[in-house]
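Chemist: Attaching a single structure in structure tokens format; questions to follow.
The values are calculated or read from the model by the stated rules, or taken from the named source; none is laboratory data. Since the model is a prediction, treat every value here as computed from it, not as a measurement. Quick reminder, even Gly has a Cβ in these numbers, built from the backbone with ideal geometry, and neighbours come from all protein chains shown.
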């Protein structure tokens with residue numbers, strides 16, 4: 001496999017380059033929602049005009065309505081009703097509206113696959129990882145909304161595979177769980193690519209920010225005991241989500257909540273509540289966003 005040149009940061013993990021040609025398994029995937037792609041481009045502009053965002057959303061009223069539903073959900077708990085996207089932009093800020101846009105986009109992208117319980121679990125895992133990423137990012141002085149977005153999309157390759165091949169991916173999960181196999185090895189055996197490689201390829205195609213592309217490619221490899229990177233935080237949130245009951249595949253090694261906590265830097269775990277409280281808190285947020 002090719003690798004991209006090393007980062008100037010000596011602590012950064014090497015990032016796998018995407019294959020030179022589009023892998024066969026990615027050729028028949030459903031397209032990412034076009035309104036979401038245009039919204040993300042507008043939201044990334046330095047000189048942002050709210051009217052541009054509002055005009056884009058008017059092209060897809062259902063998409064805009066779903067953004068407002070999430071903004072008004074129990075996950076945020078605002079006392080007053082957010083009744084327009086411009087109101088949401090002022091109250092929530094650009095970063096959070098961007099994260100809501102991506103949440104709605106992925107929810108729309110995955111609709112066909114949600115009839116399968118195992119595949120819904122993949123989406124719930126991504127949501128739980130997103131919320132936990134935001135929680136861990138705050139004491140690390142990282143932007144919580146960017147961490148949420150990175151957590152939401154860390155398994156975008158898996159989500160894309162299940163969107164394109166829901167029956168095959170459901171069977172893959174069953175085989176991996178029944179035989180206690182490494183999910184990424186099973187993915188490579190079935191699709192000739194694992195979900196981290198698929199995610200990196202799609203992140204490049206969809207022009208995601210460089211930092212986000214690196215998280216998608218390396219969150220399984222990042223070392224939280226070295227320099228604390230965003231990829232390391234997402235990796236810890238991913239493991240924490242699985243321990244709290246939002247996993248997809250049974251872990252190859254038995255572990256408990258305390259085991260994961262020991263791998264989380266002390267300043268990050270200091271604000272975490274006990275296991276039951278955290279599980280209930282994340283479950284409420286996932287249910288609110290999952291619809």
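Chemist: Just need a number here: residues in segment 92-129 that are within 16 Å of residue 144 (Cα to Cα), assigned to a helix (DSSP H, G or I) and not assigned by TED's automatic domain parsing to the domain that holds residue 203.
Modeler: Of all residues in segment 92-129, those within 16 Å of residue 144 (Cα to Cα) come to 92-103, 126-129.
Narrowing further to those that are assigned to a helix (DSSP H, G or I): 92, 94-103, 126-129.
If we keep only those that are not assigned by TED's automatic domain parsing to the domain that holds residue 203 as well, we get 92, 94-103.
Residues that pass the stated criteria total 11.
Chemist: Look at residue 239 and say whether it is touching a strand residue (DSSP E or B) at 6+ places or on another chain (Cβ under 9 Å) and either crowded, with 17+ Cβ neighbours inside 10 Å or not assigned by TED's automatic domain parsing to the domain that holds residue 139 (or both). Steps first, answer last, please.
Modeler: Working: touching a strand residue (DSSP E or B) at 6+ places or on another chain (Cβ under 9 Å): no; either crowded, with 17+ Cβ neighbours inside 10 Å or not assigned by TED's automatic domain parsing to the domain that holds residue 139 (or both): yes.
No.
Chemist: Sticking with this structure for a sec: Under the condition of being modelled with pLDDT under 85 and closer than 19 Å to residue 128 by Cα, which residue from segment 225-269 is farthest from the chain's Cα centre (by Cα)?
Modeler: For segment 225-269, the residue satisfying everything is 255.
Chemist: Residue check, residue 191 against (1) surrounded by fewer than 16 Cβ atoms within 10 Å (Cβ to Cβ); (2) farther than 22 Å from residue 35 by Cα, all met but one. Which one?
Modeler: (1)
Chemist: Test residue 100 against the stated conditions and say whether it is within 14 Å of the chain's Cα centre (by Cα), surrounded by 22 or more Cβ atoms within 10 Å (Cβ to Cβ) and under 30 Å from residue 177 (Cβ atoms).
Modeler: no
Chemist: Just checking: which of the helices (runs of 4 or more DSSP H) contained wholly in segment 25-82 hold 1 or more residues that are touching a residue at least 12 places away in the same chain (Cβ under 8 Å) and under 23 Å from residue 283 (Cα atoms)?
Modeler: Those helices (runs of 4 or more DSSP H) span 61-71.
Chemist: Can we say residue 185 is touching a residue at least 24 places away in the same chain (Cβ under 8 Å) and assigned to a helix (DSSP H, G or I)?
Modeler: Considered against the rule, which asks whether it is touching a residue at least 24 places away in the same chain (Cβ under 8 Å) and assigned to a helix (DSSP H, G or I), residue 185 comes out as no.
Chemist: Looking for whichever is touching a helix residue (DSSP H, G or I) at 6+ places or on another chain (Cβ under 9 Å), at pLDDT below 85 and over 26 Å from residue 123 (Cβ atoms) here; the options are 8, 80, 84, 28. Which one fits?
Modeler: 80
Chemist: What do you reckon, is residue 132 modelled with pLDDT of 95 or more, buried (at least 19 other Cβ atoms within 10 Å of the Cβ) and part of a helix (DSSP H, G or I)?
Modeler: Spelling it out, residue 132 is indeed modelled with pLDDT of 95 or more, buried (at least 19 other Cβ atoms within 10 Å of the Cβ) and part of a helix (DSSP H, G or I).
Chemist: Take residue 222 and decide whether it is modelled with pLDDT of 90 or more and either under 26 Å from residue 168 (Cβ atoms) or in the same structural domain as residue 122 (by TED's automatic domain parsing) (or both). First the steps, then the outcome.
Modeler: Working: modelled with pLDDT of 90 or more: no; either under 26 Å from residue 168 (Cβ atoms) or in the same structural domain as residue 122 (by TED's automatic domain parsing) (or both): yes.
Taking the combined requirement at face value, the residue does not satisfy it.
Residues checked against (1) surrounded by 14 or more Cβ atoms within 10 Å (Cβ to Cβ); (2) under 26 Å from residue 109 (Cα atoms); (3) in contact (Cβ under 8 Å) with a residue 40 or more places away in the chain:
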site	(1), (2), (3)
256	no, no, no
261	yes, no, no
267	no, no, yes
276	no, no, no
